[in-house]
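The values are calculated or read from the model by the stated rules, or taken from the named source; none is laboratory data. Not measured: the values here are computed from a predicted model. Cβ placement follows ideal geometry from the backbone for every residue including glycine, while neighbour counts extend to all protein chains displayed. The area values use the complete protein model at the heavy-atom level, side chains included, leaving out ligands, DNA and RNA. Shrake-Rupley method; radii C 1.70, N 1.55, O 1.52, S 1.80 Å.
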Amino acid sequence: ESNSSLAAYLKWENFKSDQFRFKWKAALSNHRFNYQNSLSNLLVEAQENQWNLSPELIYDRTKNLRLSFKTNYFYESATNDGYQSTETRHRLESRFNMNLRFGNQILVTTSIKSLTISTSEPILLVESGVQLFESKNRKNSISIFYSNDANVPSLNDLFWIDGGNRSLNPEISN
């Protein structure tokens, strides 16, 4: 059994002013592995690829209000040469964040995330909370947050020949 991985990452800011920032991030990863199948004694060579493009727009009018919108687009593919199969999936994550500060001691945060995956139904996720700071130096704080999230099955979970389950859906947790 052997494994190898390769990843590349690029991040840049297009423009920055007193109120707006626009950032881009692009990433590419490739993971190759070989293994001996215990059932058919076939040497399997497989690879997983993922690329990601992520623009983000940030509006920061004052230090008291910050709005941001970020979108991640993922293209994922897995190829299993031993079984002559290739599976692909597209995933789009969009997130709107709002941070509202009252003085130096109270921060209110709200986030709404939309998750769309080509292999399942769209999901809407929410995160909200309040953080109370002890003093101006903000070393000690008390936080109260509510959030839900989704655990998305990997391509191996869905399509692996020796045990994948194509009917798996994302699991939502609170």
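For LEU100, the shell of other residues with beta-carbons less than 15 Å away shows a net charge of +2, using +1 for Lys and Arg and -1 for Asp and Glu. Extension gain, GLU121-THR86: 0.36 nm per intervening residue step, less the Cα-Cα distance, totals 10.4 nm. Per residue, segment 97-174 exposes 65 Å² of solvent-accessible protein surface, assessed with a 1.4 angstrom probe and all protein chains in place. Sparsely packed loop sites in segment 50-111 (the trypsin sites (Lys or Arg not before Pro) outside DSSP H, G, I, E and B with at most 12 other Cβ atoms within 10 Å) comprise LYS63.
Spacing of the modelled spin labels on SER54 and PHE102, each 7 Å from Cα toward Cβ, amounts to 3.2 nm. Applying 1/(1 + (r/R0)^6) with R0 = 45 Å to the Cβ-Cβ distance of LYS63 and ASN165 gives a FRET efficiency near 0.40. With a Förster radius of 25 Å applied to the C-beta separation of ASP149 and SER17, the computed FRET efficiency comes to 0.15.
Simple rule: put +1 on each Lys or Arg Cβ and -1 on each Asp or Glu Cβ in segment 99-174, find the dipole, and look at TYR146, PHE133, SER118; the Cα lying farthest toward the positive end is PHE133.
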